[in-house]
Amino acid sequence: MTRVLIVGAGPAGIRAAQRLVAAGLHPVVVDEGARAGGQIYRRPPEGFTRPPQTLYGSEADKALDLHRCFDRMLDAGQLTYHPRSSVVALGAQGAQVLGPDGLDTLAYDKLILATGATDRLAPVPGWQSAGVYSLGATQIALKSQGVALGRRMVLAGSGPLLTLVASQLRKAGAQVVAVLDTAPLTTQAAGAFGMALARPRVTLRGAVLRAGLGRSYHAGVTLTRIATDTTGPTAIHWQDAWGRDHATPCDMVGLGWHLRAETHLADLAGVSMAWDKVFHQWLPLTDAMGRAATDVYLAGDGMRILGADGAELAGKIAASACLQDLGMAGPDTHRELKEIRRMQRFASAMQRAFPWPAQMVRDLPADTVLCRCEGISVGDLRATVPLSGPEANRAKSLSRVGMGRCQGRYCQLAGAEVLAAEAGVPVDKIGRLRGQPPVRPAPINAYLDKGTDPRAT
């Protein structure tokens, strides 16, 4: 039987597995989570008492349907599941998987990457302090543990996740004292028109959540610094849309500017990338059905940031592409492709409504920490330009930006802005950091025990 490996058990990975199982295949699913569901529909630990309606809000029924779908397949022995496991490298022998029992290699004939996305972060002076989190981490703490990460919380950034997390925290009883959005209201209004044309109900739901934030919400702000002491944040300093200075006392800051596609494994799989001006990041090149390279298919936010609904559709479509290439029958995808094009229009409009704060990043003071993993400042990176020129990988080799545990996931986009501004070139000319294994931190003994070289391909 054909061996199909699915990386990721979020909405895209679950629906891909469902379609393959329906066609008679037995896929192998590898996921970093303890329980299938992904980030947006993250499942709490066993015994967690908060009801789904509280965890997922209006999306509770969708979340439960996905969870039950996966559990049914697993209980029926229709797939093989490796939870708490990371694919750290791809080679000629298959995928190197680091799990609870150590390092193993899983051979495959077809690979479906449903790797999702991570927070897209912009540096702010003081953001390296304890008590400064991403919006995603803030949401995970709430969903997984029922914990608010502060007593006086400020959320800052832009995009729907900013409003959603603020609303979820308030619903749980947490004190969110300010929600600071770097996107001007005029930009939001212009993008909202396209969003409403594509998905009016979703747009309305977001507007209702926004209205619920009341006077704590501020648009068009510029973040200047996070004041800290030995315990963490004490205040966040910002300018409003009219240039007036403000300081909001707080003990926690959550940051996030929408999402960044997780593409490290796609890079190792030989997938070509292109700079997307709308999403303002490097994204994989695929056909309409997710075909990205020989025997490699992409689905979900790791391909395009379309949200949970779009990820479900993309997972189904990628599985259908896999079945077609195997000469196997599958459902007609005409309506699914039409629907996902509508979601793509919505996502593009949303990116225009809530843009990446490029100028704010370019204007960062030289002593601002850019790479938190390695402690590299904006000034350190600027200093590489006369030696490296405006090229991301040369700057990396000279400064160590992107060499830490996150492998550039959180500093690469901001670093490109800094380099582009210093060199006076468009940001897409900076290039992107080359993917290299292992794509996740891995203990040396895992390779010593197996006698495996993570660089072997």
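What follows draws every value from the coordinates through simple rules; no lab data is involved. All values reported here derive from a predicted model rather than from experimental measurement. So basically every Cβ, Gly included, is an ideal-geometry build from the backbone, and we count neighbours across all protein chains shown.
When the Cα centres of segment 356-407 and segment 21-56 are compared, how far apart do they sit, in Å?
Each part's Cα centre sits 36 Å from the other's.
If the chain between R335 and A137 were fully stretched, how many nm would it gain, using 0.36 nm times the residue separation less the Cα-Cα distance?
Fully extending the segment from R335 to A137 adds 67.8 nm.
Taking the Cα centroid of segment 217-248 and of segment 62-140, what is the distance between the two, rounded to the nearest whole Å?
If we compute the Cα centre of each part, the gap is 34 Å.
Mark the label point 7 Å from the Cα of K277 along Cα→Cβ and return the residues of segment 420-447 whose backbone N is within less than 11 Å of it.
Label zone hits: none.
If I take R0 = 41 Å and measure r between the Cβ atoms of D109 and A190 in this structure, what FRET efficiency does the formula 1/(1 + (r/R0)^6) give, to the nearest 0.05?
So the FRET efficiency works out to roughly 0.30.
Modelled label-to-label distance, D61 and R201, 7 Å Cα→beta-carbon offset: nm?
Simple spin-label model gives 0.8 nm for this pair.
Would you tally the net charge around A366, using a Cβ to Cβ cut-off of less than 9 Å, leaving A366 out, and scoring K and R as +1, D and E as -1?
Spelling it out: positives minus negatives among the neighbours equals -1.
Stretched out fully, how many nm does the piece from A92 to I444 gain, at 0.36 nm a residue minus the Cα gap?
Roughly 124.6 nm would be gained on extension.
Which three extents, in whole angstrom, do the alpha-carbon atoms of the chain cover along their principal axes, largest first?
The Cα atoms of the chain stretch 65, 51, 41 Å along the principal axes, largest first.
Give me the distance in nm between label points sitting 7 Å out from Cα along the Cα-to-Cβ direction at D295 and R434, one decimal.
The modelled label-to-label distance comes out at 2.4 nm.
How many nm is it between the label spots at T2 and A130, if each spot is 7 Å from the Cα in line with the beta carbon?
Placing both labels 7 Å beyond Cα along the Cβ direction yields 5.2 nm.
Out of all DSSP beta bridges with both ends in the chain, state the antiparallel percent to the nearest 5.
Bridges in the chain that DSSP calls antiparallel: roughly 50 percent.
How much length would be gained if the chain were fully extended between Q324 and F48, taking 0.36 nm per residue of separation minus their Cα-Cα distance, in nm to one decimal?
95.2 nm
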